[in-house]
Amino acid sequence: MRAEAIVDLDAIKFNLQLLKKQAGVQVLAVVKADAYGHGLVPVAKAAISAGADYLGVALLEEAVALREAGITTPILAWLVQPGSDFESAISLDIDLSAASLRALTEIGAASKRLGKRARVHLEVDTGMTRGGFLSEWSQLDAEHVAEIEIVGIYSHFARADEPQEEQNQQQLLRFKEMVSTLESFGFTNIIKHLSNSAATLTNHAAAFDMVRIGIAMYGLSPDVQTLGTSQELGLRPAMQLRAALYLVKDVPAGVPVGYGATEYTKSDTTLGVVTMGYADGIPRVARAAGIWCAGKRAPIIGRVSMDQFVVDLGSDSKAKSGDWVTLFGNGSHGEFTADDWAATSSTINYEIVTRIGPRVPRIYSAHVY
Ligand SMILES: *Cc1c(COP(=O)(O)O)cnc(C)c1O
C-alpha cells in the first residue's frame with residue numbers, strides 16, 4: 001500500500017450528534033463532493049445512523065448515487081443544471097432546488113409529464129449574490145408552482161465564519177422578509193433553512209427548521225482564526241491521511257532537492273520520499289507542512305511533485321523504507337493537521353480534504369497511529 005485516507009465514521013457521528021444537539025432543529029448533512037473527500041455513501045450512512053434528517057448534495061449525479069446505494073432519507077440537490085433529467089430526479093424522490101423562474105417552469109413541465117409533483121426548495125439570494133432568486137422574486141406567482149410542491153425555502157451566508165460582521169444580520173433579516181412573502185402566498189408548512197456549520201456554531205437565531213452542516217460534521221473548524229480550532233469547538237477531525245515511505249536515504253550537506261533546486265540540505269541528513277503529490281491533492285505550494293514519522297515532525301524539503309515529495313527526516317532518524325507516516329490527522333499526537341496544511345498552502349481546510357484524489361483509497365476505521 002502506498003497511501004490511504006483513514007476515515008473515522010464514529011467521529012462523523014459524534015460531530016453530527018453534537019451539532020444537532022446544539023442546533024436543536026433538524027439537520028441536513030452535506031455530503032457533496034464525495035462527502036468533502038471522505039466518501040459519499042459511507043459518510044451518508046453514518047450521518048443517517050447518527051440522526052441526520054436530510055442529506056444535501058450539489059449535483060444531481062450525487063443524489064442519484066445515494067438513491068442507487070439504497071438510501072431513502074430525503075435528499076436535496078441544489079445545483080441541478082438546466083436540461084437535466086428532472087423526471088428521473090422526481091421519480092427518485094430527490095428534492096430539487098430552484099433559483100429562477102426558468103428552473104420552476106422546467107421542473108413543473110417534468111412533473112406534469114411524469115404525473116408526479118416535484119418537491120422543490122426555493123433558494124433565495126439574501127446578500128451573497130451567488131445562487132438564489134433576486135430580481136425575479138417579485139414576479140413569482142401561483143402559475144409557476146402549480147405543478148410542483150414547495151417544501152422548503154433556503155439561503156446561504158457569505159460571512160458566517162465572521163459572526164460579528166453586519167452582513168450576517170442583514171442576510172438574516174432579508175431571509176425573514178422573503179419567507180414572509182412566500183407565507184403570504186399561502187405556503188406556510190415549509191422547511192426554512194439558512195445556517196451552514198459556522199452559523200450553526202455561532203448564531204442560534206438563524207437555525208430556523210433545519211441547519212445544513214458540512215465542514216463541522218467532518219470535525220474541522222469553519223475558520224480556525226475566528227471560531228477556534230476543532231479541539232476548541234469540541235469537534236473530532238475524521239480524516240487521517242497517511243503514506244508509506246517509498247525510500248529513505250542519507251544525503252550530504254549542501255545538495256539541491258527537487259525541481260527547481262528551491263532548497264538545499266543544510267547539513268548531512270536522512271531524507272524520505274513520500275509517494276503522494278499534487279495528483280493526489282497535496283498542494284504544490286505547501287511549504288511549512290510535512291509528516292509525522294517515528295514520534296517527530298519531518299518538514300517538506302523542496303517542491304512537491306506530481307506523485308512524490310521529499311521530507312527531511314533528520315540525521316538521527318531511524319525511519320526505514322516502508323514505514324507509515326502521517327501527513328495529517330487530528331493533531332493529538334503532534335502530527336500536522338489539515339489546518340496546518342491549509343495555512344501553509346494559503347487555502348482552507350475544506351480544500352485540503354476535498355481535493356484528496358481518487359488514487360487514494362478511503363479506509364473506514366478508528367484512527368490508527
Ligand atoms: C457546502 C454548503 C453547505 C455546508 O457548508 P459548511 O461551511 O461546510 O458547513 C451548506 N449549504 C450549502 C448550500 C452549501 O453549498
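Applying the criterion of being open to solvent by 40 Å² or more (accessible area, probe 1.4 Å) and charged (D, E, K, R) to the residues of the range 7-52, the residue that is nearest to the chain's Cα centre (by Cα) is Lys32. Annotation: Val353 fulfils all but one of (1) free of Cβ contacts under 8 Å to residues at least 12 places away in the same chain; (2) assigned to a helix (DSSP H, G or I); the unmet one is (1).
For every residue, the table says whether it meets (1) polar (S, T, N, Q); (2) without any contact (Cβ under 8 Å) to a residue 60 or more places away in the chain; (3) surrounded by fewer than 16 Cβ atoms within 10 Å (Cβ to Cβ); (4) not in a loop (DSSP other than H, G, I, E, B).
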site: Trp292; (1), (2), (3), (4): no, yes, no, yes
site: Ile300; (1), (2), (3), (4): no, yes, no, yes
site: Ser305; (1), (2), (3), (4): yes, yes, no, no
site: Asp316; (1), (2), (3), (4): no, yes, yes, no
site: Lys320; (1), (2), (3), (4): no, no, yes, no
site: Asn330; (1), (2), (3), (4): yes, no, no, no
site: His333; (1), (2), (3), (4): no, yes, yes, no
site: Trp341; (1), (2), (3), (4): no, yes, no, yes
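When residues in the range 8-38 are screened for being away from the ligand (no atom under 16 Å from the Cβ) and in contact (Cβ under 8 Å) with a residue 40 or more places away in the chain, 5 of them pass.
Across the range 97-118, the number of residues qualifying as more than 21 Å from Ser195 (Cα to Cα) and either open to solvent by less than 10 Å² (accessible area, probe 1.4 Å) or touching a residue at least 40 places away in the same chain (Cβ under 8 Å) (or both) comes to 7. If you go through the range 265-302 and keep only what is within 22 Å of Pro358 (Cα to Cα) and among the basic types (Lys, Arg), you end up with just Arg284. Residues that are open to solvent by less than 70 Å² (accessible area, probe 1.4 Å) and either within 14 Å of the ligand (Cβ to nearest atom) or aromatic (Phe, Trp, Tyr) (or both) within the range 352-364 comprise Ile352, Val353, Thr354, listed in sequence order. Here Leu59 passes the criteria (1) open to solvent by 10 Å² or more (accessible area, probe 1.4 Å); (2) more than 16 Å from the chain's Cα centre (by Cα) except the one numbered (2). Scanning the range 154-201 for residues that are within 15 Å of Leu122 (Cβ to Cβ) and assigned to a helix (DSSP H, G or I) yields Arg174, Phe175, Lys176, Glu177, Met178, Val179, Ser180, Thr181, Leu182, Glu183, Ser184.
Just wondering, is there one or more residues in the range 123-142 that are open to solvent by less than 20 Å² (accessible area, probe 1.4 Å), touching a helix residue (DSSP H, G or I) at 6+ places or on another chain (Cβ under 6 Å) and not aromatic (Phe, Trp, Tyr)? Yes, the conditions are met somewhere in the range 123-142. Among residues of the range 174-192 that are more than 15 Å from Ala207 (Cα to Cα), those with a Cβ under 9 angstrom from a residue that is loosely packed, with under 12 Cβ neighbours inside 10 Å and polar (S, T, N, Q), sequence gap 6+ or separate chain, pair up as Thr181/Ser138; Leu182/Thr188.
Conditions (1) open to solvent by 10 Å² or more (accessible area, probe 1.4 Å); (2) within 30 Å of Ser135 (Cβ to Cβ), marked per residue:
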{"site": "Glu177", "(1), (2)": "yes, yes"}
{"site": "Ile191", "(1), (2)": "yes, yes"}
{"site": "Ala199", "(1), (2)": "no, yes"}
{"site": "Asn203", "(1), (2)": "yes, yes"}
{"site": "Asp209", "(1), (2)": "yes, yes"}
{"site": "Met217", "(1), (2)": "no, no"}
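Would you confirm, using the coordinates I've provided, whether Ala160 is under 17 Å from Leu19 (Cβ atoms), under 27 Å from the mean Cα position of the chain (by Cα), of a type outside the set (S, T, N, Q) and open to solvent by less than 30 Å² (accessible area, probe 1.4 Å)? Criteria met by Ala160. Filtered by the rule that a residue be within 16 Å of the ligand (Cβ to nearest atom), farther than 17 Å from Val224 by Cα and among the hydrophobic types (A, V, I, L, M, F, W, C), the range 159-203 gives Leu172, Phe175, Met178, Ile191, Leu194.
The values are calculated or read from the model by the stated rules, or taken from the named source; none is laboratory data. Because the structure is a prediction, the values reported are computed rather than measured. Ideal geometry is used to build each Cβ from the backbone, glycine not excepted, and the neighbour counts take in all protein chains shown. Side chains included, ligands, DNA and RNA excluded: accessible areas come from the protein's heavy atoms. Shrake-Rupley method; radii C 1.70, N 1.55, O 1.52, S 1.80 Å.
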